[in-house]
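Encoded as structure tokens, the structure appears first; notes follow it.
The values are calculated or read from the model by the stated rules, or taken from the named source; none is laboratory data. No experiment lies behind these values; they were computed from the predicted model shown. Every residue, glycine among them, receives a Cβ derived from its backbone with ideal geometry; neighbour counts consider all protein chains shown.
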Ligand SMILES: [Zn+2]
């Protein structure tokens, strides 16, 4: 089964760049950073990636970020992320780039970061025949005034950026206050996503849709508790970027069995399946699909259906989507022949 799942073509909507850093690369980053490293080995890093709860996870993520002291480091991280994606037949990835964190706390240059990121992405796209686009996480904790400054930067350096979103502390910063930022981003032609319904209740999902006008919701876990939120997701055709393993690792969901991914799929909500911060959570797309198969009984055909939906609801151009759908179906036909 694992080899069938590995060969299934996949697309991912929700993968944080720094959350996909290889432990070896984090050691390299710490070494190059000029700061005192707190890890001596890959095992130390893996131990560091064990989280007690969601705030603890955010703290760990922030610590890893702090070691990225040179804009150029993002090139290697991006390239390796896509190499790891390609090895699992993830043919399209939409990565989340928390650039503002490094601008705000380390004074890094947005254009230099984007140049490095795009160099890594370009090289990987050529070598591995995958596609990738970037959305910038404006990070709720920094507030709307600073986020407007980030939008100024995106306006000046739009290369490779398809959208924006807000991650960070959902609990302390519910969606509604970011309306003006989202309105401006929409006017700039950027696609709109928000982490919502991960640390807060279903109202956060409703607000992200109604106040911010998002097309996709990151996590959307708590929408399961409200028929109103489920109805709204369906009516507006909003895709929920589910991140099952992540939700268990950060403790926002008790176990995989209680995760609403099966319920959402059966209710006809548009979903994608995602690894979120794969190396930090000890997961990847193969593991997410495998887990869905084992715990929620998703068949290969259903998993492929999710793959197709992830392409259809991606931020690729219509032309690229058509091309990818043909590629996906072609590969699936070959897999189906083997299954018979
Ligand atoms: Zn996320």
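The table that follows gives values for the structure above.
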{"quantity": "Selected residue (criterion: farthest from the ligand (Cβ to nearest atom)) from residues of segment 258-279 that are assigned to a helix (DSSP H, G or I) and more than 20 Å from residue 227 (Cα to Cα)", "calculated": "279"}
{"quantity": "Filter result (at pLDDT 95 or above and in a loop (DSSP other than H, G, I, E, B)) within segment 1-34", "calculated": "8, 9, 17, 21, 22"}
{"quantity": "Top-ranked residue in segment 215-229 [being closer than 18 Å to residue 250 by Cβ and buried (at least 24 other Cβ atoms within 10 Å of the Cβ); ranked as farthest from the ligand (Cβ to nearest atom)]", "calculated": "223"}
{"quantity": "Given (1) closer than 18 Å to residue 283 by Cα; (2) within 16 Å of the ligand (Cβ to nearest atom), index of the condition residue 55 fails", "calculated": "(1)"}
{"quantity": "Subset tally (residues that are modelled with pLDDT of 95 or more and within 16 Å of the ligand (Cβ to nearest atom)) for segment 148-170", "calculated": "4"}
{"quantity": "Check on residue 220, under 19 Å from the mean Cα position of the chain (by Cα), at pLDDT below 95 and at positive phi", "calculated": "no"}
{"quantity": "Filtered residue count, segment 287-340, keeping only those that are surrounded by fewer than 19 Cβ atoms within 10 Å (Cβ to Cβ) and not in a helix (DSSP H, G or I)", "calculated": "4"}
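This table checks each residue for (1) away from the ligand (no atom under 16 Å from the Cβ); (2) touching a strand residue (DSSP E or B) at 6+ places or on another chain (Cβ under 9 Å); (3) closer than 30 Å to residue 154 by Cα.
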{"site": "190", "(1), (2), (3)": "yes, yes, yes"}
{"site": "197", "(1), (2), (3)": "no, yes, yes"}
{"site": "200", "(1), (2), (3)": "no, no, yes"}
{"site": "231", "(1), (2), (3)": "yes, no, no"}
{"site": "237", "(1), (2), (3)": "yes, no, yes"}
{"site": "242", "(1), (2), (3)": "no, yes, yes"}
{"site": "256", "(1), (2), (3)": "yes, no, no"}
